[in-house]
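> Before I ask anything, let me first share the structure, which is written out below as structure tokens.
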Amino acid sequence: MEAKERRERINSLLQQTRQPITGTALAKILGVSRQVIVGDIAILRAAGIDIYATPQGYVILPTAAPSAVKARLACRHDRDHMEEELAVIVDNGGKVLDVSVEHPVYGEIKANLMLTSRRDLTEFLRRTAESGAVPLSLVTGGVHLHTVEAPSDEVLQKIRVELRALGILLD
């Protein structure tokens with residue numbers, strides 16, 4: 001399979017599913033190495049295709065529902081409260097699209113999370129623990145931003161209220 005054909009196939013696979021696909025899975029399907037997939041993804045992104053790398057794999061996000069609302073929530077907590085924070089969002093029907101911090105040298109550092117369910121959250125926490133990775137928020141003393149998508153303003157407000165009650169939301 002030629003490189004152009006392989007990239008078209010990657011784009012097609014990602015367009016056809018709403019579930020993330022890992023680089024390893026794509027490599028297996030296409031009979032190439034994971035590193036080849038990483039390069040192909042970079043080329044597809046450069047061509048203007050919005051492919052997100054998440055802890056669960058690569059995904060092309062569907063267009064948000066017309067009634068969906070997004071907000072950036074400023075939060076602060078220690079490592080022990082990460083699960084509690086993210087659970088409030090997904091358990092109320094919100095999606096945690098990303099996390100970002102303001103680094104004193106590099107500026108904004110952002111990572112796509114795409115957590116939409118308790119299952120996604122559990123897998124994210126498992127992978128974080130197994131890898132020994134530290135949350136980005138440790139760089140900034142626990143302060144970070146999440147872009148959250150919710151099906152309505154009411155749901156977004158409920159998320160804010162619960163995070164505020166936990167002392168996590170910064171006002």
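None of the figures in this text is laboratory data; all of them are computed from the coordinates on show. Just so you know, these numbers come straight off a predicted model, no measurement behind them. Virtual Cβ from ideal backbone geometry, glycine too; neighbours counted across all protein chains shown.
> Once you charge only the Cβ atoms, +1 for Lys and Arg and -1 for Asp and Glu, what is the size of the charge dipole of the chain about its Cα centre, to the nearest 20 debye?
500 debye
> If you don't mind, another one. Under a crude label model (7 Å from the Cα following the beta-carbon direction), how far is Glu130 from Arg164 in nanometres?
Here the answer is 3.9 nm between the modelled labels.
> Let me check I've understood the local charge: for Val134, count other residues with C-beta under 15 angstrom from its C-beta, Lys and Arg +1, Asp and Glu -1. What total comes out?
Residues near Val134 contribute -2 overall.
> Here's something else I'd like to know. Can you list the residues, at least 5 places off or on another chain, whose amide H is less than 5 Å from the amide H of Leu61, using H built in the peptide plane?
It is Tyr52, by chain and number.
> Sticking with this structure for a sec: Evaluate the charge dipole of region 3-60 about its Cα centre and quote only its size in Debye, nearest 20, assuming +1 on the Cβ of each Lys and Arg and -1 on the Cβ of each Asp and Glu.
100 debye
> Whole-Hz Karplus ³J(HN,Hα) for region 127-144, in order, using 6.51 cos²θ - 1.76 cosθ + 1.60 and θ = phi - 60°, x for Gly and Pro?
So the Karplus estimates, Gly and Pro as x, are 5, 4, 5, 5, 7, x, 5, 9, x, 4, 5, 5, 5, 10, x, x, 7, 7 Hz.
> Then there is this: Please list, by residue number, everything in region 129-167 whose backbone N is under 19 Å from a paramagnetic label point 7 Å out along Cα→Cβ of Lys70.
Those under the cut-off are 144-157, 159-160.
> Follow-up. Report, by chain and number, residues whose modeled amide H sits under 5 Å from the one on Leu170, excluding near sequence neighbours (fewer than 5 apart, same chain).
The list, which skips near neighbours in sequence, is Ala74, Cys75, Arg76.
> Taking θ as phi - 60°, what are the ³J(HN,Hα) couplings along region 46-56 by the Karplus curve (6.51, -1.76, 1.60), each to the nearest whole Hz, with x for Gly and Pro?
Calculated HN-Hα couplings, in order: 4, 7, x, 8, 7, 9, 9, 9, 10, x, 8 Hz.
> Which is farthest toward the positive dipole end of region 69-165 among Pro151, Val134, Val161, measuring Cα position about the Cα centre, with Cβ charges +1 (Lys, Arg) and -1 (Asp, Glu)?
The one lying farthest along the dipole's positive direction is Pro151.
> Can you list the lysines whose alpha carbon sits under 22 Å from that of Lys158, skipping same-chain ones fewer than 8 residues off?
Cross-link targets: Lys70, Lys95.
> Using alpha carbons only, how many angstrom separate the centre of region 12-77 from the centre of region 81-122?
Using only Cα atoms to place each centre, the spacing works out to 16 Å.
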